[in-house]
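Okay, so here's the structure we're looking at.
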Amino acid sequence: MSAIIKLENVSKHFGGLKAVQNFSGEVEYHSIVGLIGPNGAGKTTLFNMIACTFPPTSGKIYFEGKDITNFKASQMAHMGLARTFQVVKPFGDMTVIENIMVGAFLKTKNCKVAREKAEEIYEFLGMTCGRDQVAHNTTTVDRKKLEVARALATQPRLLLLDEVMAGCNPQEKLELVEVIRKMRDSGITIIIIEHDIKTIMSLCDKIFMLHRGEKLLEGTPEEVANDKRAISAYLGEDYVNA
């Protein structure tokens, strides 16, 4: 079984709005897969269906061969799926380590075990903010890493990253790229939504491009970058010329 996630003709309608329409695709184990497309293309809606935040209107979703179409988000967390959100919301009055421990408590009720897992992830991600620093005093990139750390503490096999690099400067993006590669190398499969095209092209093994709720194309970064439909709908001639 090569695919950790498989989607078959998945659609999501909100009243008359067709947010996602007949999306099919597979995500292979231990890969980094990108979701790109204009705002409103349906990327986060697709994330929400994979994470079982809400069910699709139609279609089927399989996680490691199991039909999860109507599962709940809490069930998916226990099965090995974690996600981050566009707007990071740390527990501001708690320390960095305590924030990471929140994720660890999914798998243990023991505070000592949770702290040890939090410390391990803190080191794994190369976090530079103080362990005992209050979360609301951390920088943007530290909050991004903290969001990832809390998700990692749940010990996922599949991690969904929703615009984790938004608001970061070029150097901070490079740091996060290395973090994402390190997570993949540790055995975690990653699906990422990102608007920084140069970053996602250098990072991903495969890319899905959505446009107006539909999958416009899928392929390697090189295939997507050279596809006239992608250039017309999203990338633009300036990207190609650059």
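Things worth noting here:
- Structure-derived Rg/Rh (Cα atoms, Kirkwood Rh) - corresponding label in [x] 0.97; [y] 1.02; [z] 0.94: [x]
- Per-atom-type breakdown for the chain gives carbon and sulfur 50% of the accessible area (1.4 Å probe, protein chains only).
- Karplus-derived 3J(HN,Hα), 6.51/-1.76/1.60, for each residue of segment 194-210, Hz, glycine and proline x: 7, 9, 7, 5, 4, 5, 6, 5, 7, 9, 8, 7, 8, 10, 9, 10, 9
- Segment 123-154-segment 58-100 distance, computed between alpha-carbon centres (Å): 18
- The residues of segment 99-151 expose, per residue, 48 Å² of accessible area to a 1.4 Å probe.
- Estimated FRET transfer efficiency when R0 is 25 angstrom, pair Glu214-Asn70 (beta carbons, to 0.05): 0.60
The values are calculated or read from the model by the stated rules, or taken from the named source; none is laboratory data. Note that the structure is predicted; figures quoted are calculated from it, not measured. As a convention, Cβ positions derive from the backbone with ideal geometry for all residues, glycine included, and neighbour counts pool all protein chains shown. Note: areas computed on protein heavy atoms with side chains; ligands, DNA, RNA excluded. Shrake-Rupley method; radii C 1.70, N 1.55, O 1.52, S 1.80 Å.
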